[in-house]
Structures are given as structure tokens and as C-alpha cells.
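The structure appears right after this line, and notes come after that.
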Ligand SMILES: N[C@@H](CCC(=O)N[C@@H](CS)C(=O)NCC(=O)O)C(=O)O
């Protein structure tokens with residue numbers, strides 16, 4: 001396996017930059033991702049390296065993200081695979097906190113979503129796919145970037161997650177499979193009631209309960225509060241429109257069925273590529289989804305999408321029981337150190353552990369109470385400490401600079 005593609009030349013790089021622009025314009029044609037549907041997205045179009053007076057500008061990459069957000073996971077994974085250091089700004093997007101609606105954040109990302117990437121020159125890029133391809137541009141590979149601080153010295157390591165322009169076939173495949181993964185309606189699959197699937201795992205069920213209703217209510221209030229600020233008002237309105245579309249997809253049986261059908265079709269396409277493509281056909285299993293030797297952006301995208309299916313307990317429904325090639329693929333994807341660091345560890349550290357401990361303690365407290373046990377006071381005190389610790393964990397990455 002060879003991730004490093006050190007001999008990429010300037011011509012290749014220019015072509016790759018151009019390609020990254022084209023990719024932005026052509027991805028996500030499945031129609032199931034309202035963020036990339038031009039008839040829906042109105043004011044919420046993504047931006048690429050746009051100057052922004054509200055963004056930090058200190059020669060570092062800044063990432064605004066949330067531990068268990070799929071889009072954040074993809075972006076962290078790309079940064080990790082490329083070994084690009086970044087300053088983390090944890091934006092808590094769960095109901096009851098909703099930091100993504102705070103005016104300072106909306107001025108960075110008017111879609112009111114994570115992730116948002118700020119370049120070392122203080123420019124803002126939004127939309128996960130757009131960010132992924134942008135991280136392959138020369139800004140992050142050229143040694144001409146004026147990096148001053150020591151933490152950015154790795155920025156020129158030139159680990160490429162796109163095949164070189166000398167291989168247009170593989171480039172096209174990467175774009176195609178990134179778009180296929182991005183088109184999977186993960187929000188609907190995560191929060192919706194999927195026929196034949198168990199409910200969301202326990203700590204998350206509480207985290208997302210009433211998410212869409214609460215968000216819509218909050219956004220209506222924000223539209224009213226900021227009615228004289230065109231930028232904020234229109235951003236909140238655009239966001240509200242999208243929330244209602246997503247909610248509709250989850251609640252209308254025919255629309256939910258369309259999501260399920262499209263997801264099955266995407267899995268079949270993925271399986272075909274794995275069975276007939278470089279993944280299965282290379283000696284010693286060196287191949288990846290789109291290349292016989294190179295791990296690419298398409299692998300980053302699918303590593304996270306497939307992991308979401310496992311987490312949501314719908315892997316069996318969509319791939320684990322039908323497609324052994326996809327299962328074998330996930331094993332290799334998830335074993336990569338960058339995946340463990342960018343996805344698994346972030347999840348454990350920032351959300352799962354505190355919430356699990358809290359629920360376990362609460363349960364024990366109830367048992368002690370039922371038994372009229374004197375030690376219940378001790379358990380109650382311990383629960384209180386853990387609840388405070390969990391909330392502190394969730395909020396501790398909140399940045400004062402935003
Ligand atoms: N494709 C869009 C979607 C982003 C997205 O939906 N992000 C989710 C997390 S994966 C989010 O921030 N949700 C909070 C919300 O919608 O309020 C993008 O990359 O900008």
C-alpha cells in the first residue's frame with residue numbers, strides 16, 4: 001500500500017485544483033441530499049476559500065465540528081489521513097444546546113451546520129465534499145504557503161488522497177464514489193424510524209429526541225429575533241426550510257421508501273465495484289475502492305458512511321448480510337490508525353463515555369431508591385458529579401474566540 005504520491009508535478013496539481021472545482025459542481029446528484037439540490041439550497045450554497053471577517057486568521061487550519069456528526073467524521077478523517085494538524089472547535093449540535101445557530105457561527109457557515117474549515121489564511125470553506133476536495137488543492141500541498149507556526153510544519157507532507165491526473169479513470173471513479181456516499185441520506189437513516197431496524201442506541205436516543213421539532217421551533221424564534229438582520233434572518237429561514245424537508249422525508253412513508261430504495265441501490269453499486277474493481281482483484285488484497293494501491297477520498301467517505309450503518313444498527317439490513325465484500329472492506333477501513341483516531345476515539349472521548357456512565361449511574365440510583373438503601377445518597381451525589389462532568393465534556397470545546 002502506498003499512500004504517498006510524492007512526485008506529483010505542478011501541472012498535475014493545477015489540473016487537480018481544477019478538478020476539485022468541477023467535483024464540487026457535479027457531486028451529489030442523487031436528489032436525496034437537499035444541501036446540494038440547487039432548487040432547495042437557495043442562500044445555503046457552499047463557499048470555497050471565501051474571505052470572512054469573522055474567521056480566525058493565525059496560520060493554522062481551524063475545524064468547526066461535532067464529535068459524532070458524520071460530516072465532521074469524514075472531514076477529520078481526511079485531515080488525519082493527510083496528517084494535517086488543525087485547531088479543533090467543537091460545536092455542540094445536540095438539541096438543547098444548538099451552538100450551530102449562534103450568530104457568530106452562522107456568520108462562518110450560514111447553513112448552520114458542521115463542519116466548517118478555515119484555512120491558514122483565514123478563508124472559509126463549507127460543505128463536506130467541497131472541503132474534502134479543497135484539502136487536495138495546492139493550498140495544502142504547496143510549499144509556497146506562508147506557514148509560520150511550528151504546528152503547521154507537517155502541512156507540506158503531500159499525502160494525496162486523489163489519484164494523479166495521469167490517471168483520469170481513477171480520478172473519475174473517486175468523484176463518482178464520493179458523490180455516491182454523500183448522496184446516502186444519512187440524516188434520515190440516523191434519525192428516522194427505519195422499517196425492520198432497531199431504534200437508535202440508548203445514549204443517542206436521548207440526545208436526538210425531538211431534535212427536528214425543537215430545531216424548527218428555535219429557528220422560528222431566531223428568525224423573529226433577527227428579523228432586521230438580512231444575513232441571519234435568511235440563513236435561519238433557509239435552515240428551517242431544509243429541516244422541514246428532512247422531516248418530511250422521515251415521516252412520509254413513500255419518501256422514506258425512496259430513501260431506503262436509493263440506499264439499497266447505492267450498496268449494490270458499492271459491492272459491484274468492490275467485487276469487480278481493484279479491491280478484490282489486486283494480489284495480497286492491496287487494492288482500495290478506486291485504485292489498486294491508493295487509499296483515496298472515496299475510501300474516507302465510505303469508511304464513515306458504513307460505520308454510521310453499523311452504529312445505527314442497520315448494517316445487516318443494508319449490507320452485512322448480503323455483501324461479504326463490503327464487510328471485508330469495512331474491516332480494512334476501520335483498522336486504519338487515522339480512522340481510529342478521527343472517528344472512534346473522538347466518539348468515545350466526547351460523547352459515548354460520559355453519557356454511558358451517566359445512564360448507568362442513574363439506573364443504579366433508581367435501584368437503590370427502590371430498595372430504600374441508605375447508600376442511595378452517595379449514588380445520587382456521584383450521579384450529579386458525572387452529569388456535570390458529561391455536560392462539561394460536551395461544552396468544553398466551545399471556543400471563546402468564535
Ligand atoms: N452536506 C452538508 C450537510 C452538513 C450536515 O448536515 N451536518 C450535520 C451534522 S452531520 C449538522 O450540522 N447538523 C446540525 C443541524 O442540521 O442543525 C454539509 O456538509 O455542509
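Would you kindly identify the strands (runs of 3 or more DSSP E) lying entirely within the stretch 44-121 that contain at least 2 residues that are buried (at least 21 other Cβ atoms within 10 Å of the Cβ) and near the ligand (Cβ under 10 Å from one of its atoms)?
Values: elements: 62-65, 87-90, 116-118.
Fully inside the stretch 44-121 and qualifying: 62-65.
Could you tell me which of the residues 358, 332, 312, 364 is surrounded by 14 or more Cβ atoms within 10 Å (Cβ to Cβ) and at pLDDT 95 or above? Before you say what the answer is, go through the steps one by one.
On the way: 358 fails: at pLDDT 95 or above; 312 fails: at pLDDT 95 or above; 364 fails: at pLDDT 95 or above.
Answer to the check: 332.
I need a count of the residues in the stretch 122-167 that are outside any loop (DSSP other than H, G, I, E, B) and modelled with pLDDT under 95. Full working, then the answer.
At the first step, the residues of the stretch 122-167 found to be outside any loop (DSSP other than H, G, I, E, B) are 123-126, 128-134, 138-140, 150-156, 159.
Within this subset, residues satisfying the condition of being modelled with pLDDT under 95 are 138-140, 150-156, 159.
Counting residues in the stretch 122-167 that are outside any loop (DSSP other than H, G, I, E, B) and modelled with pLDDT under 95 gives 11.
Quick one: is residue 178 in contact with a helix residue (DSSP H, G or I) (Cβ under 9 Å, 6 or more places away or on another chain), modelled with pLDDT under 95, within 16 Å of the ligand (Cβ to nearest atom) and assigned to a helix (DSSP H, G or I)?
So residue 178 does not fit the description; no.
Just one of the numbered conditions (1) more than 30 Å from residue 106 (Cβ to Cβ); (2) surrounded by fewer than 19 Cβ atoms within 10 Å (Cβ to Cβ); (3) without any contact (Cβ under 8 Å) to a residue 12 or more places away in the chain is not true of residue 252; which one?
Only one criterion in (1) more than 30 Å from residue 106 (Cβ to Cβ); (2) surrounded by fewer than 19 Cβ atoms within 10 Å (Cβ to Cβ); (3) without any contact (Cβ under 8 Å) to a residue 12 or more places away in the chain is unmet by residue 252, namely (1).
I need the helices (runs of 4 or more DSSP H) fully contained in the stretch 183-238, keeping only those with at least 2 residues that are more than 13 Å from the ligand (Cβ to nearest atom).
Details: elements: 186-191, 202-208, 211-225.
Counting at least 2 such residues, we get 202-208, 211-225.
Determine whether residue 46 is within 30 Å of residue 163 (Cβ to Cβ) and either touching a helix residue (DSSP H, G or I) at 6+ places or on another chain (Cβ under 9 Å) or at pLDDT below 65 (or both).
Numbers: within 30 Å of residue 163 (Cβ to Cβ): yes; either touching a helix residue (DSSP H, G or I) at 6+ places or on another chain (Cβ under 9 Å) or at pLDDT below 65 (or both): yes.
Judged against the criteria, residue 46 is a match.
Does residue 173 meet the test of being at negative phi, crowded, with 22+ Cβ neighbours inside 10 Å and assigned to a helix (DSSP H, G or I)? Steps first, answer last, please.
Details: at negative phi: yes; crowded, with 22+ Cβ neighbours inside 10 Å: no; assigned to a helix (DSSP H, G or I): yes.
In short, no.
Which is modelled with pLDDT of 80 or more, under 23 Å from the mean Cα position of the chain (by Cα) and within 29 Å of residue 277 (Cα to Cα), of 214, 171, 247? So that I can check it myself, show each step before the final result.
Values: 214 fails: within 29 Å of residue 277 (Cα to Cα); 247 fails: within 29 Å of residue 277 (Cα to Cα).
Unique residue meeting the criteria: 171.
Among the residues of the stretch 291-302, is any surrounded by fewer than 20 Cβ atoms within 10 Å (Cβ to Cβ), out of contact with any helix residue (DSSP H, G or I) (no Cβ under 7 Å at 6 or more places or on another chain), outside any helix (DSSP H, G or I) and touching a residue at least 12 places away in the same chain (Cβ under 8 Å)? If you could, list the steps in order and put the result at the bottom.
Step one: of the stretch 291-302, the residues surrounded by fewer than 20 Cβ atoms within 10 Å (Cβ to Cβ) are 292-293.
Going one step further and asking which of them are out of contact with any helix residue (DSSP H, G or I) (no Cβ under 7 Å at 6 or more places or on another chain), we end up with 293.
Still in the running and outside any helix (DSSP H, G or I): 293.
Adding the requirement that they be touching a residue at least 12 places away in the same chain (Cβ under 8 Å) leaves 293.
Yes - at least one qualifying residue is present in the stretch 291-302.
Under 6 Å by Cβ, and 6 or more places apart or on different chains, what pairs join a residue from the stretch 54-73 that is farther than 20 Å from residue 189 by Cα and at pLDDT 95 or above with one that is part of a helix (DSSP H, G or I) and within 16 Å of the ligand (Cβ to nearest atom)?
65/72
The values are calculated or read from the model by the stated rules, or taken from the named source; none is laboratory data. Nothing here was measured: the structure is a model prediction, and the numbers come from that model. Here the Cβ is made from the backbone with ideal geometry for all residues, glycine too, and neighbour counts use every protein chain on show.
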